[in-house]
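Inspection log for the structure reproduced underneath, given as structure tokens.
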Amino acid sequence: MTWLIFSFLSAFTFSLVTVLDKVIITKHVSSAKVFILGLGITQTAMGFYLFPWLISHYPLIPSLIALVSGIVCAIYLIIMFMAMESQDVSRLIPVVSTYPIFVAFLSYAFLGESIGLYIWLSIILTVSGAVMVSLGPSQSGRASTSIRLMILLFFGSLCFGLSQFLAKIIVDDMELWPQFMLRSLGVGIASSFVIFFPGVKKGFIQLVKTPKSFFLFFFTEGILAFAAIAFFYFAIYAGEVYLVSTVMSSRPVFVFFLGIILSLPFIKILSERLEGKALYVRAIGTFMTVAGVSGIALL
């Protein structure tokens, strides 16, 4: 059950990263694009210096697949971070955590991984809970996540699932750390294109010149995110990718409770909805997500 431990560690660490990302985007940078540029630079630094060695020591096709895995993951990250500017983090994350359903289909179709009826039911329960959390009523009593945004978020979730699937299919051709580095390079290259938007370069320079903001960014993206991604790779090298993905989709649960804690009046770091029907609906949706993930882990 090593894969299960690493999957939960990745989910929990990613939840911390997600909440801190929300804080940074809303309070420490001028726009989400500035944050994305910082992410691109950080991720590129993790893999760029090893790139020539990796290409010369591993077959070209697996190396390119690892790189594409990072590029596809970057699409997911860009969609998620842009949405964070206007959406509650506890409403956003469940939708982008529906990727297990895509991973399960890909694994069943291309990797020959056996998926029973109860596993499918657990996956559907997980995804349904995620949608319920995100479409639950906002402070005004209506669903604040538009259908257009929902479609975009589901597309981002699909990209993340595809990224995980690509990472899994080359585990026999490439060791963990080389793939980790190439994936980081792919994320970095794709994310860095936001530098061409007006004001992004200036905003990033301002971030670097602000010690408190830069330290929080470096701690989140350079240390915590590194650990979360590493736990994910440890998990997929130890178990089947659709199982790992579904257990990792428990991230909304951790984000939900962290959001509540950080939104308490005497803390007030976030501004999540804490009472009434909105909290009730999100709690039910979160419970469904937990139940679905538990079914995956125990069956």
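Sorted from longest to shortest, the spans of the Cα atoms of the range 138-256 along the three principal axes equal 43, 41, 27 Å.
Calculated translational diffusion coefficient of the chain (37 °C, 0.692 mPa s; Stokes-Einstein with Kirkwood radius over alpha-carbon pairs) equals 170 µm²/s.
Relative to the globular-protein estimate of 2.2 N^0.38 Å, the Cα radius of gyration of the range 190-299 stands at 1.41.
For S69, neighbours were defined as the other residues whose beta-carbon sits under 14 Å from its Cβ, and their charges (Lys and Arg +1, Asp and Glu -1) total +1. Hydrophobic, long helices, defined as DSSP H runs whose alpha-carbon span along the helix axis is 24 Å or greater and whose mean Kyte-Doolittle value is at least 1.6, occur in the chain at 60-84, 117-135, 147-169. Given an 8 Å cut-off on Cα distances and at least 6 residues of separation, report the relative contact order of the chain as a percent. In percent, rounded to a whole number, it is 40.
Across L20, L149, L185, mean-square fluctuation computed from a Gaussian network of the chain (C-alpha pairs under 10 Å connected) peaks at L149. Give me the percent of Cα-Cα pairs in the range 162-232 that sit more than 21 Å apart, rounded to a whole number. Here the long-distance tail beyond 21 Å is 42 percent of all Cα pairs in the range 162-232. Which one, L162, L60, L153, has the greatest fluctuation when you compute a Gaussian network model over the chain with C-alpha springs under 10 angstrom? Among L162, L60, L153, the largest GNM mean-square fluctuation belongs to L60.
When E85, E240 are arranged by Cβ crowding within 10 Å, least crowded first, meaning fewest neighbours, the order is E85, E240.
In the distance distribution for the range 151-196, Cα-Cα pairs more than 15 Å apart total 57 percent.
Fraction of C-alpha pairs exceeding 17 angstrom in the range 211-267: 59 percent, rounded to a whole number. In straight-distance terms, cross-link reach from K268 covers every one of the lysines whose alpha-carbon lies under 18 Å from its own, apart from those fewer than eight places away in the same chain; here that gives K22, K27.
The numbers here are math on the coordinates, done by the rules we state, and not lab data. Predicted model, so just to flag it, every value in this text is computed and none were measured. Cβ: placed from backbone, ideal geometry, glycine included. Neighbour counts: every protein chain shown.
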